[in-house]
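Below is one structure, written out as structure tokens; comments come after it.
The values are calculated or read from the model by the stated rules, or taken from the named source; none is laboratory data. Predicted, not measured: the structure shown is a model, and the values here were computed from it. Here the Cβ positions follow ideal geometry from the backbone for every residue, glycine too, while neighbour counts run over all protein chains shown.
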């Protein structure tokens, strides 16, 4: 009867686990498209949640109105520059296409000097213009054939653009609910994880929050400061379109140590155009000013706030970017921060066992974890030695090694006792668990 009950119990557990796995896989398939938008919404909502708290607590607005105001603000901050940029790009593309067709028909095609002097591709642009002006009709036919043969890539670009717009819309819609129900959602997540892992999950969640906030502020502020300083350098160096170059520098600066590729590229372009003093000045400005912003602000904001070595943040940012795309800039450091928190907790819980061999080999007294001070005091960033690393601090002011007062007894008995004591001390010396 017991065997049948056990077999039925095991079968029930296996079926339950199988159904849960199937349910998890189906749920993942359903929400797979929305995972990245939800992550972006969660990151933005967490970082800007103090502003929501201001509207809800200070201004005394309802949760729905406060969440709506914050969602509108985020939409305007992110959407207005993108819409304006796309509108300007569309107008420029239409004008360029119309002007290009007209000039091909007329028989002379030319582009501004800024375009023809772009590094790397400038010479190719000049060669193409020479071929077009040499035989306009043949060039027009070849251009139309090229467009028809590359319509597939245009379709792919359109699909990517529509998918990106859908994800952005989903993120903006999701962020409203993160603002309104974020506190309740976090309580439920904490309780669910606490039931599985225990109370230590609170430290892990706090580590996730502090790391996310520090990474967002550190990367964002560093990129903004570097872009502004680079824009000043572009303007005084006489680089074309300094505002556009500044925006491009901001995007590149989001990647650690990516800013030098921006201002070095502009410096090389100035050098190829014969503007040697401006190129040297911009290069010096980048090395002495712009690069130091990256070396100062990013470690102070990120590593200083999270108590995590900057090299771990650096690996997390680059590894996350490679594994998860742009959102990996924040996922990577968070994952490594959780791993580091687990490692530190394990070290703190098992440090008596870890350092027991040190006491067993170098100590002269019994191993008493409760009484003996630690040889190494471990903190998040510092490892220091304690005052009495290998000996018990005397509690009663007396030395345990003092000789006992002499008493009249049989010498053979004393010798036997001494041998027994020495044997007992040797045994205790090799028993770190005593």
Just one of (1) over 34 Å from the mean Cα position of the chain (by Cα); (2) surrounded by 14 or more Cβ atoms within 10 Å (Cβ to Cβ); (3) more than 30 Å from residue 243 (Cβ to Cβ) trips up residue 61, so point out which. (1)
Pairs only if they're at least six apart or on different chains, beta carbon under 9 angstrom, first in the stretch 271-285 and more than 17 Å from residue 235 (Cβ to Cβ), second assigned to a helix (DSSP H, G or I); list them, first residue then second. 271/278; 271/279; 271/280; 271/283; 272/122; 272/279; 276/270
Of 205, 228, the only residue that is assigned to a helix (DSSP H, G or I) and more than 22 Å from the chain's Cα centre (by Cα) is 228
Counting only helices (runs of 4 or more DSSP H) entirely within the stretch 76-161, those with at least 2 residues that are modelled with pLDDT of 75 or more and surrounded by fewer than 11 Cβ atoms within 10 Å (Cβ to Cβ) are 122-134, 136-149
Looking at (1) under 20 Å from residue 327 (Cα atoms); (2) in contact with a helix residue (DSSP H, G or I) (Cβ under 9 Å, 6 or more places away or on another chain), find the lone condition where residue 56 falls short. (1)
